[in-house]
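In what follows, a structure is listed as structure tokens, so that the remarks can point back to it.
The values are calculated or read from the model by the stated rules, or taken from the named source; none is laboratory data. Note that the coordinates shown come from a computational prediction; the quantities given were computed from them, not determined experimentally. Heads up, the Cβs are rebuilt from the backbone with ideal geometry, glycines too, and the neighbour counts pull from every protein chain shown. Surface areas here come from the heavy atoms of the whole protein model, side chains and all, with no ligands, DNA or RNA. Shrake-Rupley method; radii C 1.70, N 1.55, O 1.52, S 1.80 Å.
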Amino acid sequence: MIFYENDNVKLSRKGRPMLSYTTKVMKIKRADKILLIYTGGTIGMGKNPYTGTLEPLDFKHLENAMPEMALVKTGIDVYQFTSPIDSSDMDHRIWAQLVRIISTRYNDYDGFVILHGTDTMAYTASALSFMLENLTKPVILTGSQLSMGELRTDGRENVLTSIEIASAHHENGTPIVPEVCIYFNGKLLRGNRSTKHNAEGFNAFESYNYPHLGEAGVNINYHEKEILKPDFTKNMIPHVAMDPHVIIFSLFPGLQEDIFLHLLESKDLRAIVMRSFGSGNAPQNQWLTRILNEAALRGIVIVNISQCEQGSVEMNRYKTGYQLQETGVLGGYDCTVEAAVTKLMFLEASFNDYHLVRTYMARSLAGEISI
């Protein structure tokens, strides 16, 4: 059975329209347990015979390439975006659409698996971890480095294991992994702690500042003490509003005042993720501290995270970091750049009060930072 849906345009909390997408639902088994959401990405791509480049295909291609799906005991429904999305085109509007898909069907399924391109998967996983407040069911993102049409594809194992993880429950019926995760190449990672660190190898994702939630070998071994424990008596609260007026900026030796000043003069700018050196250090230039202080006084939230993949920002450790703290810059702890920018987008859409955004940036909302 195949049918089409057109979701009406909905408004965010601040009245901004959220775009909708025509989608297709394909039922491949009668039992309703796991919803497989196919957005696109390498896992469903094929090679253009004229250009030799990879292009998105529809789910029928993926289904034909995975006859193993018919052997999976878990009931699976498939929700497909009519036009598959290259992950480079992912944005806050599509995140909102994913939240709507999950929230409107939340009571019909035990878990959700999202097939997604790898390039922006960590951004989507981070965003959904904030937008799905008090999530009590698994939302597992996965994909592949090689398309399903390739003989050596990593996609089959990634998809099949993600389905198994999304349907795994304790004896009392509660899910083992009730949070947004990325599963890739045998590793189960917290979504908002993950980053893509390898563009070519199958070992594409890592969580540098937080332990793996599990590993899949002959058996799937879960590290339950590392997994979030939500309040199962409370409802999941979906949020669709995200404010994209946020930028990511890396400090570097030789940074020029006029360039940086021009960046901060944008009237629509709401927040900055500033990637600093080491444990949160910056050049000792008077003009830099002056500009940052002026921006903070205008209500721009500036969050300091390290350019290093592993470790945490400690602005009290060195004088060069302490001077940033004195200007009103917030320490981002051990947050990934993906989690920092999506958390700011979420908070800026949720609150008009600059002080509230700063307050919640310093708190762990979905296990994204260690305090």
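Figure the gain on full extension for Leu151 and Leu71 (residue separation times 0.36 nm, minus the Cα-Cα span) and round it to one decimal in nm. Full extension of this stretch gives 26.8 nm more.
Note that the stretch 178-194 has calculated 3J(HN,Hα) couplings of x, 7, 7, 10, 10, 10, 7, 6, x, 10, 9, 10, 4, x, 7, 10, 9 Hz, one per residue in order, obtained from phi through the Karplus relation 6.51 cos²θ - 1.76 cosθ + 1.60 (θ = phi - 60°); glycine and proline are x.
Farthest toward the positive end of the dipole of the stretch 98-257, out of Asn219, Asn158, Pro175, is the Cα of Pro175, where the dipole comes from beta carbon charges about the Cα centre. Net charge around Trp287, counting only other residues with Cβ within less than 13 Å of its Cβ (Lys, Arg = +1; Asp, Glu = -1)? Computed value for this residue: -2. Remark on Gly278: its backbone amide H falls under 5 Å from those of Gln307, Cys308, a criterion applied only to residues 5 or more positions apart or on other chains, H modelled at 1.01 Å from N.
Note that the stretch 353-361 has calculated 3J(HN,Hα) couplings of 7, 4, 5, 5, 4, 4, 4, 6, 5 Hz, one per residue in order, obtained from phi through the Karplus relation 6.51 cos²θ - 1.76 cosθ + 1.60 (θ = phi - 60°); glycine and proline are x. Using only protein heavy atoms and a 1.4 Å probe, report how much of Ile248 is accessible, in Å² to the nearest 10. It works out to around 70 Å².
In order along the stretch 278-293, phi translates into HN-Hα couplings of x, 8, x, 9, 9, x, 8, 9, 4, 5, 5, 5, 5, 5, 5, 5 Hz, rounded to whole numbers, per the Karplus curve 6.51 cos²θ - 1.76 cosθ + 1.60 with θ = phi - 60° and x for Gly and Pro. A simple count of charges around Ala296, restricted to other residues whose Cβ falls under 13 Å of its Cβ and scoring Lys, Arg +1 and Asp, Glu -1, yields +2. Counting trypsin sites (Lys or Arg not before Pro) as exposed when in a DSSP loop with at most 12 other beta carbons within 10 Å, what is the longest stretch of the chain free of them? Longest gap between qualifying sites, sites excluded: 153-233. When only Cα pairs below 8 angstrom with a gap of at least 6 residues are kept, the stretch 230-281 shows a relative contact order of 48 percent. Taking 7 Å steps out from each Cα toward its Cβ at Leu261 and Trp287 produces label points 0.7 nm apart. What pairs in Lys234/Lys343; Lys137/Lys267; Lys187/Lys267 have C-alpha atoms more than 32 Å from each other? Over 32 Å apart, Cα to Cα: Lys137/Lys267; Lys187/Lys267.
A 1.4 Å probe run over the protein chains yields, for the stretch 170-230, 44 Å² of accessible area per residue, whole-number rounding. Please name whichever of Val301, Ser147, Pro238 sits farthest to the positive end of the charge dipole of the chain, dipole taken about the Cα centre and charges placed at Cβ: Lys and Arg +1, Asp and Glu -1. Result: Pro238, furthest along the dipole toward the positive end.
Share of carbon and sulfur in the accessible area of the stretch 143-190 stands at 48%, probe radius 1.4 Å. Computed over the alpha-carbon atoms, the chain gives an Rg to Rh ratio of 0.98, Rh here being the Kirkwood radius from the mean inverse distance. The mean sequence separation of alpha-carbon pairs under 8 Å and at least six residues apart, normalised by the residue count of the chain, gives a relative contact order of 14 percent.
Which value, in debye to the nearest 20, describes the size of the charge dipole of the chain about its Cα centre when Lys and Arg Cβ atoms bear +1, Asp and Glu Cβ atoms bear -1, and nothing else is charged?
In debye, rounded to 20, the chain gives about 620.
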